[in-house]
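Notes for the one structure printed next.
The values are calculated or read from the model by the stated rules, or taken from the named source; none is laboratory data. In this text the structure is predicted, and so the values were computed from the model without any measurement. Every residue, glycine among them, receives a Cβ derived from its backbone with ideal geometry; neighbour counts consider all protein chains shown.
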Amino acid sequence: MQPFTQHSGIVAPFDRANVDTDLIIPKQFLKSVLRSGFGVNLFDQLRYLDEGQPEMDTSTRPLQPDFILNQPQYKNASILLTRDNFGCGSSREHAPWALLDYGFRVLLAPSFADIFYNNCCKNGILPIVLDESTINWLFKKVYAQPGMAMTVDLVTFEILAADTTLSFTIEPYRRDCLLQGLDDIALTLQRAERIREYENKRKQECPWLFEDLEL
């Protein structure tokens, strides 16, 4: 996955709590296991006026003009500001895939659903938990200045927004993985030589385990 050290981008205010993963990426789009191509269907039910189906041409679909990501000032947003319990519901990893494919690298909220939070970190998205008063302050700033930009620095644990520096925390393990761009597979491959050594040792100690079975 792409390493995360520092990111600057436009903040989109998604003022809604308890956003579940089916709202982030509806169930009908879960047929693919590829990590790309889901961005056009992110928040599909809110973003379009018609009912979305796989392989539809989204360029011709009618847009919901009031939805935040359809407004010109937030079209290229890459930081999502939202409310409590974002990513609740189904544990589908397609939800962070859709957010990342759209272009989001940072999520800000008072809380996230646990599995969704973990999936974000494993896919190169930085989910930041801030206290509710700070989130409220950020919403006020973004509403007062539509299209406001923000810089998030994972090295220094700092957020620069509206000429103010905010701090945040994240578990050291998740921070290291994000900084290095390591997902679960990449972490395992770092120990590939030790895995091979163990397999060769087991073949010598228990050769019958590696024989082809006669059915």
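List of remarks:
- Residue 25 being among the β-branched types (Val, Ile, Thr), under 28 Å from residue 162 (Cα atoms) and either surrounded by 18 or more Cβ atoms within 10 Å (Cβ to Cβ) or touching a Phe, Trp or Tyr at 6+ places or on another chain (Cβ under 9 Å) (or both): no
- The residues of the stretch 6-15 that are surrounded by 14 or more Cβ atoms within 10 Å (Cβ to Cβ) and either assigned to a loop (DSSP other than H, G, I, E, B) or of a type in the set (Gly, Ala, Ser) (or both), listed by number, are 8, 9, 12, 14.
- All helices (runs of 4 or more DSSP H) inside the stretch 41-136 with 3 or more residues being β-branched (Val, Ile, Thr) and either modelled with pLDDT of 95 or more or in contact with a strand residue (DSSP E or B) (Cβ under 7 Å, 6 or more places away or on another chain) (or both): none
- Members of the stretch 137-148 found to be free of Cβ contacts under 8 Å to residues at least 24 places away in the same chain and either loosely packed, with under 15 Cβ neighbours inside 10 Å or in a loop (DSSP other than H, G, I, E, B) (or both), listed by number: 140, 144, 145
- Exactly one residue out of 55, 51, 93 is within 12 Å of the chain's Cα centre (by Cα) and among the charged types (D, E, K, R): that is 93.
- Residue that is surrounded by the fewest Cβ atoms within 10 Å (Cβ to Cβ), among those in the stretch 149-187 that are aliphatic (A, V, I, L, M) and assigned to a helix (DSSP H, G or I): 185
- Comparison of 179, 187 shows that the only residue that is in contact with a Phe, Trp or Tyr (Cβ under 7 Å, 6 or more places away or on another chain) and more than 24 Å from residue 73 (Cβ to Cβ) is 179.
- Some residue of the stretch 189-208 being in contact (Cβ under 8 Å) with a residue 24 or more places away in the chain, assigned to a helix (DSSP H, G or I) and hydrophobic (A, V, I, L, M, F, W, C): no
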